[in-house]
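Participant: Sharing a structure here in structure tokens format.
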Ligand code: NDP
């Protein structure tokens, strides 16, 4: 991971699963970020205990409340991170928080479709908007014009499930709202890459693999990847991203995924 040298990174949904794994491995890097902002919707809750324990051992880990479907929570989080960073910007924003509902075509509902879209698609849009000034600041403060995750980047954690060209796992789970929300997240990523290119912010969608988390195991099967394997792969991929990768959809091994 020699190529990934971020001063600051922020992860949404960082209290468990892949988000917690990303935070853990960022802190363990040989050249760790100066600040890792781990956001979650209930920092004092039962499900944030591991994260709290990690923060007690790592002064560079800052836990910030952030509910990605709540604009005021997003604004408050961005303000807190901005105050904490003082004159520096934010290098790496990882939109990881997500939910899945195991509905089929027959059982999908207005409520579930809306909730999943609000979390998986609108959440990353609003979070990116709120943190844009800090990402721009990081890009301006970083030498050179080449795009990279070390300079300024938005990484949206997407899924194979949202691939229209290669929709995997249909027989295992239809999860219609989830697939649609991730397909839309992919388009959002493309839009961000086009819109934020002029600010030197790299934007990419990343599929973490099928991973042993609450979500990954929710259909009753054991996924092949541990959180550590997936996160190690993804951080390696992040360390290699450059100009040519902005606006792409890659997996945890760096392979291109069909949109
Ligand atoms: P988990 O269900 O294990 O964790 C989801 C995380 O998202 C939790 O921290 C949860 O917080 C948080 N979250 C959910 N809703 C919100 C919200 N409204 N605001 C803030 N945080 C929220 O999932 P994974 O770790 O497996 O998934 C992480 C990402 O990876 C997701 O985007 C998922 O779609 C994607 N992914 C996962 C795959 C897998 O096999 N696991 C495969 C492909 C993609 P809380 O504890 O408060 O609920």
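We did not get these values from a lab; they are worked out from the coordinates using the rules stated. For clarity, every value in this text was computed on a predicted model and none was experimentally measured. Here the Cβ positions follow ideal geometry from the backbone for every residue, glycine too, while neighbour counts run over all protein chains shown.
Participant: How far is helix 17-28 tilted off the main Cα axis of the chain, in degrees rounded to 10, range 0 to 90?
Facilitator: Helix 17-28 sits roughly 30 degrees off the main axis of the chain.
Participant: Would you list 106, 245, 214 from fewest to most Cβ contacts within 10 Å?
Facilitator: Details: 106 7, 245 22, 214 10.
Exposure proxy ranking, most exposed first: 106, 214, 245.
Participant: Taking 0.36 nm per residue of sequence separation and subtracting the Cα-Cα distance, how much length would be gained by fully extending the chain between residue 187 and residue 105, in nm to one decimal?
Facilitator: Between residue 187 and residue 105, full extension yields an extra 27.3 nm.
Participant: OK, next. Report, in degrees rounded to the nearest 10, the 0 to 90 angle that the Cα long axis of helix 71-85 makes with the longest principal axis of the chain.
Facilitator: 30 degrees
Participant: Continuing with this model, one more query. In Å, what Rg and Dmax follow from the Cα atoms of region 8-251?
Facilitator: Both quantities, over Cα of region 8-251: 16.9, 53 Å.
Participant: Calculate, in nm to one decimal, what residue 226 and residue 146 gain on full extension: separation in residues at 0.36 nm each, minus their alpha carbon distance.
Facilitator: Going from the current span to full extension adds 25.5 nm.
Participant: I'd like the distance between the alpha-carbon centres of region 1-43 and region 216-259, rounded to an integer number of Å.
Facilitator: If we compute the Cα centre of each part, the gap is 16 Å.
Participant: Efficiency by 1/(1 + (r/R0)^6): what FRET value for residue 70 and residue 199, r their Cβ-Cβ distance, R0 = 22 Å, to the nearest 0.05?
Facilitator: 0.30
Participant: In nanometres, what is the gap between the two model label sites at residue 217 and residue 60, each 7 Å from Cα along Cα-to-Cβ?
Facilitator: 3.0 nm
Participant: Would you mind computing Rg(Cα) / (2.2 N^0.38 Å) for region 1-145, counting N as its residues?
Facilitator: 1.10
Participant: Which order results if 201, 164, 122, 18 are arranged by neighbouring Cβ count within 10 Å, fewest first?
Facilitator: 164, 122, 201, 18
Participant: Please report the antiparallel percentage of the DSSP beta bridges confined to the chain, to the nearest 5.
Facilitator: Within the chain, antiparallel bridges account for around 5 percent of the total.
Participant: Which value in nm describes the separation of the simple spin-label points at residue 87 and residue 240, placed 7 Å from the Cα toward the beta carbon?
Facilitator: With each label placed 7 Å out from Cα toward Cβ, I get 3.7 nm.
Participant: Suppose only helical runs count, i.e. DSSP H with n ≥ 4. What mean residue ellipticity at 222 nm does that imply for the chain under -39500 (n - 2.57) per run, divided by all residues and rounded to the nearest 500 deg cm²/dmol? Write out the running numbers ahead of the final one.
Facilitator: Details: 7 runs with 97 residues, N = 259.
Helix contribution divided over all residues of the chain: -12000 deg cm²/dmol.
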